[in-house]
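> The structure is given below, and queries will be raised subsequently.
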Amino acid sequence: MTDRPAEDVWQYPRPPAVEPSDELVVVELGGSEIVRTSRALRVLETSHPPTYYLPLADVAPGVLHPVGGTTWCEWKGSADYFDVVAGGRTVPAGAWTYPSPTPAFAALTGHLALYPGRMDRCTVDGEVVQAQEGDFYGGWITSRVRGPFKGAPGTLGW
């Protein structure tokens with residue numbers, strides 16, 4: 001667990017901000033460690049727990065399989081998706097990247113985000129992450145952040 005002060009997600013900015021993180025982030029899938037990094041970026045947006053963007057260079061080889069289709073973020077631009085495959089498990093469209101993000105989010109180039117709730121386990125500085133509710137969001141909830149968080153049923157209009 002981290003000894004960093006707790007953050008109120010309602011104090012995060014809109015438009016979102018990107019900040020580097022030296023926290024140790026570990027992602028496990030199919031009995032394998034597929035990411036281990038202390039070079040993540042956190043995207044912080046009002047009402048959402050942080051989304052961690054992990055360096056593509058720190059993802060285990062062969063884990064990411066590009067899939068068709070894109071989505072559009074008003075802040076970051078066009079996202080491409082990957083199936084995440086390890087240890088006999090496949091998570092369809094479980095990770096995404098912004099190969100050519102908007103200038104304000106250029107730092108995300110060469111990074112990917114993933115849905116922590118679809119992986120076997122994600123940790124930040126040894127603390128197991130709770131996934132943000134909702135199929136659209138990829139927020140990582142730890143003791144470092146306080147809500148309430150957007151994403152659960154009934155929160156769309158917040």
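The values are calculated or read from the model by the stated rules, or taken from the named source; none is laboratory data. Values in this document were obtained by computation on a predicted structure and should not be read as measured data. Here the Cβ positions follow ideal geometry from the backbone for every residue, glycine too, while neighbour counts run over all protein chains shown. To get the accessible areas, we keep the full protein, side chains included, count just its heavy atoms, and leave off ligands, DNA and RNA. Shrake-Rupley method; radii C 1.70, N 1.55, O 1.52, S 1.80 Å.
> Which members of region 88-108 meet the condition of being within 22 Å of E33 (Cα to Cα) and open to solvent by 60 Å² or more (accessible area, probe 1.4 Å)?
G88, R89, T90, P92
> Before we move on, is V85 over 13 Å from the mean Cα position of the chain (by Cα), crowded, with 18+ Cβ neighbours inside 10 Å, of a type outside the set (K, R) and within 17 Å of F136 (Cβ to Cβ)? Give the derivation first.
Numbers: over 13 Å from the mean Cα position of the chain (by Cα): yes; crowded, with 18+ Cβ neighbours inside 10 Å: yes; of a type outside the set (K, R): yes; within 17 Å of F136 (Cβ to Cβ): no.
Here the answer is no, as V85 does not meet what is asked.
> Could I ask something else about it? Take region 122-157 and flag every residue that is closer than 25 Å to A93 by Cα, outside any loop (DSSP other than H, G, I, E, B), of a type in the set (A, V, I, L, M) and modelled with pLDDT of 95 or more.
Matches in region 122-157: V124, V128, A131, I141.
> A follow-up question, please. Which numbered condition trips up V129, out of (1) surrounded by fewer than 20 Cβ atoms within 10 Å (Cβ to Cβ); (2) of a type outside the set (K, R); (3) without any contact (Cβ under 8 Å) to a residue 24 or more places away in the chain?
Just one mismatch for V129, condition (1).
> Any idea which of D83, D120 is out of contact with any Asp or Glu (no Cβ under 7 Å at 6 or more places or on another chain), of a type outside the set (F, W, Y) and over 24 Å from E19 (Cα atoms)? Talk me through it step by step, then tell me what you get.
Details: D120 fails: out of contact with any Asp or Glu (no Cβ under 7 Å at 6 or more places or on another chain).
Only one candidate qualifies: D83.
> Out of (1) in contact (Cβ under 8 Å) with a residue 12 or more places away in the chain; (2) more than 22 Å from E127 (Cβ to Cβ); (3) open to solvent by 10 Å² or more (accessible area, probe 1.4 Å), the odd one out for L24 is which?
Among (1) in contact (Cβ under 8 Å) with a residue 12 or more places away in the chain; (2) more than 22 Å from E127 (Cβ to Cβ); (3) open to solvent by 10 Å² or more (accessible area, probe 1.4 Å), the lone unmet condition for L24 is (2).
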